[in-house]
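A quick write-up on the structure given underneath.
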């Protein structure tokens, strides 16, 4: 039996890894990554890890600056936010062929998409995207997975590169992190997934609000805070 905290394996992926998502059957992990700055033209890719053997089984080229990644509940597709020449996009990866099979444009050519999450029924994708041009503005784009169309846009400001989104286990709400400006604290925006509108007021958290994840029972959110080097446990709204 491995001891607590023991590193069980180290898997070289060839680029700088960022975000990770594990498929629903627990056999594959998907890692977004970029080449190091100054190493040549910017490139982005997704590493596919075989979990039973802890080996790199595939590398899938995507647009530059990939960030968020999520796997559909049925495990058939993975979704990756990144930047391409036509703007911020979400690449759709077929997990059987390990190939990009579609792209969904979510922001203007200078806009950057970041965190993304999928509703538990696999029908809608929530993507946080900057508008670009250093405006500090952004929005959560809600995508119908079947039609690959943006069906709603929820404005947010500020919107920064660490903005993340997660959906409660019951699928009723999406929570979006907002980092603070100056000395202000971070915030969690709450979106009602039925109406696709914000629930006011936002939830204030001390320090910054970066990544987040929910407990399986949906009663609390764990919010990482890079400013105070802490994790805040926040009660979830009914």
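Values quoted throughout were computed directly from the atomic coordinates according to the rules given, and no laboratory measurement underlies them. All values reported here derive from a predicted model rather than from experimental measurement. Note: ideal-geometry Cβ built from the backbone for every residue, glycine included; neighbour counts use all protein chains shown.
From the square roots a ≥ b ≥ c of the eigenvalues of the alpha-carbon gyration tensor of the range 172-233, which class results: rounded (a/c under 1.5), prolate (a/b over b/c), or oblate?
Oblate, since a/c reaches 1.5 and b/c is not below a/b.
Let me know the volume per residue of the alpha-carbon convex hull for the chain, in Å³.
Working: hull volume 34.5 nm³, N = 238.
Dividing the Cα hull volume of the chain by its residue count gives 145 Å³.
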With label points built 7 Å along Cα→Cβ from the Cα atoms of residue 219 and residue 151, find their separation and express it in nm.
-> 3.2 nm
Sequence-separation-based contact order of the range 188-238, relative, with Cα cut under 8 Å and 6+ spacing, percent = 24 percent
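Using only the Cα atoms of the range 39-108, build the gyration tensor, take square roots of its eigenvalues as a ≥ b ≥ c, and label the shape rounded, prolate or oblate: rounded if a/c is under 1.5, else prolate if a/b is larger than b/c, else oblate. Before the final figure, lay out the partial values.
On the way: a/c = 2.39, a/b = 1.37, b/c = 1.75.
In terms of gyration-tensor shape, oblate.
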Please report the relative contact order for the chain, taking Cα pairs under 8 Å with a sequence separation of at least 6, and give it as a percent rounded to a whole number.
-> 9 percent
Quick one: if the Förster radius is 22 Å, what FRET efficiency do residue 18 and residue 123 give, using the C-beta to C-beta distance and rounding to 0.05?
-> 0.25
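Multiply the residue separation of residue 110 and residue 137 by 0.36 nm, subtract the distance between their alpha-carbon atoms, and state the gained length in nm to one decimal. The partial results should precede the final answer.
Values: separation 27, 0.36 × 27 = 9.72 nm, distance 1.21 nm.
Taking residue 110 through residue 137 to full extension adds about 8.5 nm, to one decimal.
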Given the range 1-76 reduced to its alpha-carbon atoms as identical point scatterers, what log10 I(q)/I(0) does the Debye formula return at q = 0.19, 0.22 Å⁻¹?
-> -0.83, -1.01
Let a ≥ b ≥ c be the square roots of the eigenvalues of the Cα gyration tensor of the range 1-138; is it rounded (a/c under 1.5), or, if not, prolate (a/b larger than b/c) or oblate?
-> prolate
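If you average the sequence gap of Cα pairs under 8 Å that are 6 or more apart and divide by the length of the range 8-64, what percent do you get for the contact order?
Numbers: 110 pairs, mean separation 16.7, N = 57.
With pairs under 8 Å counted, the relative contact order is 29 percent.
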Relative to a virtual label point 7 Å from the Cα of residue 85 in the Cα→beta-carbon direction, which members of the range 19-44 show backbone nitrogen distances below 19 Å?
-> 40-44
quick shape note, the range 61-159: Cα extents on principal axes in Å, largest first -> 39, 27, 19
